[in-house]
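Below: the structure, in structure tokens.
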């Protein structure tokens, strides 16, 4: 076992210890069924059962997660219809947000058109006039409630989670339309952009959270089917809309996350063939274009947060590789003819993980000597790449 993977091995996630090392429970993600066959009906795809069991067996994490679940019982619900006003051309059911790095123009009385300040987030992004903050809170609360139910089987958590899902996705009066036509708009320039699809990350959290509460019955079979239909419609939008096509055609982290979303959402909706096709095309379509011979994602290196984005893009690839396992595709080991693959990508970043001060590319955290934050950023990727070799219980779930 390599030193990298050995550092994540924990007895909390093993079924037995032998002279040859730990033996892990045999969990297998089986297509659109996810891990449900081996995980007592819990239909997760991205959240490995071993990771969840590591959280359950850690007393401090268990206590912390249950406290979060209790807090989530008293927040929300959330809806895209909570906006005070709509973006031009949008209905109240349309998701709307603004680009994070776009700010009012100080040279114009009305601030328009907004101007870009890379790496500096405009706090308007999470304000009440846009949906990004609400979606982020929805994802966080669903994760907390789902974990609360997983840890205790207390029906309160599952019931609350089901209600949040119903209001955001299913109720005709409050549901989000299955598109992101108005995501990451730029006031004075454009009402929505392909870059906005990156905000669909919380939809992955929704899928995994719903999978954890599925055995409770809090979400009815018809509600679950309707939620799958919502995701099927969103998958169709990703493939056919102008914003979807723009995201698909990017040459940076946006395209890699597009592939992950498309694969994950399609699998949840029951489209195993699409999920399989996305993972099969990944190396030639994405890595061949974005990764160099040293394992660097070159488009991320000229950003003002190059360490963050170099880890972020690899996290997207790792998420896709995790989903690819569900359709019997081992992206972790697969390589291009010249040796480029995910292992080379994590190897490049790993060379700096113990000497962050030597990172040679522009990065705001590096300039500020905020090495703890840089370390935390990389630890999330390392945990993802450790796969089923154990899980550090205080690591964030992807």
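Values computed for the structure shown
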read-out	value
Selection count, segment 40-58, where residues are more than 11 Å from residue 211 (Cβ to Cβ) and part of a helix (DSSP H, G or I)	6
Scan of segment 352-398 for residues that are surrounded by fewer than 17 Cβ atoms within 10 Å (Cβ to Cβ), assigned to a helix (DSSP H, G or I) and over 24 Å from the mean Cα position of the chain (by Cα), ordered by number	357, 358, 367
Any hit, segment 132-141, residues being in the same structural domain as residue 80 (by TED's automatic domain parsing), farther than 25 Å from residue 192 by Cβ, part of a loop (DSSP other than H, G, I, E, B) and touching a residue at least 24 places away in the same chain (Cβ under 8 Å)	no
Which numbered condition residue 58 fails, given (1) touching a residue at least 60 places away in the same chain (Cβ under 8 Å); (2) under 20 Å from the mean Cα position of the chain (by Cα); (3) outside the structural domain of residue 182 (by TED's automatic domain parsing)	(2)
Within segment 66-104, tally of residues that are in contact with a strand residue (DSSP E or B) (Cβ under 6 Å, 6 or more places away or on another chain), surrounded by fewer than 21 Cβ atoms within 10 Å (Cβ to Cβ) and in contact (Cβ under 8 Å) with a residue 40 or more places away in the chain	1
Matching option when the condition is part of a loop (DSSP other than H, G, I, E, B), over 25 Å from residue 375 (Cα atoms) and either at pLDDT 95 or above or under 20 Å from the mean Cα position of the chain (by Cα) (or both), among 264, 329	329
Which numbered condition residue 65 fails, given (1) assigned by TED's automatic domain parsing to the domain that holds residue 129; (2) under 16 Å from residue 137 (Cα atoms)	(1)
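The values are calculated or read from the model by the stated rules, or taken from the named source; none is laboratory data. Everything numeric in this text was worked out from a predicted model, so none of it was measured. In this analysis, Cβ positions are derived from the backbone assuming ideal geometry, glycine residues included, and neighbour counts consider all displayed protein chains.
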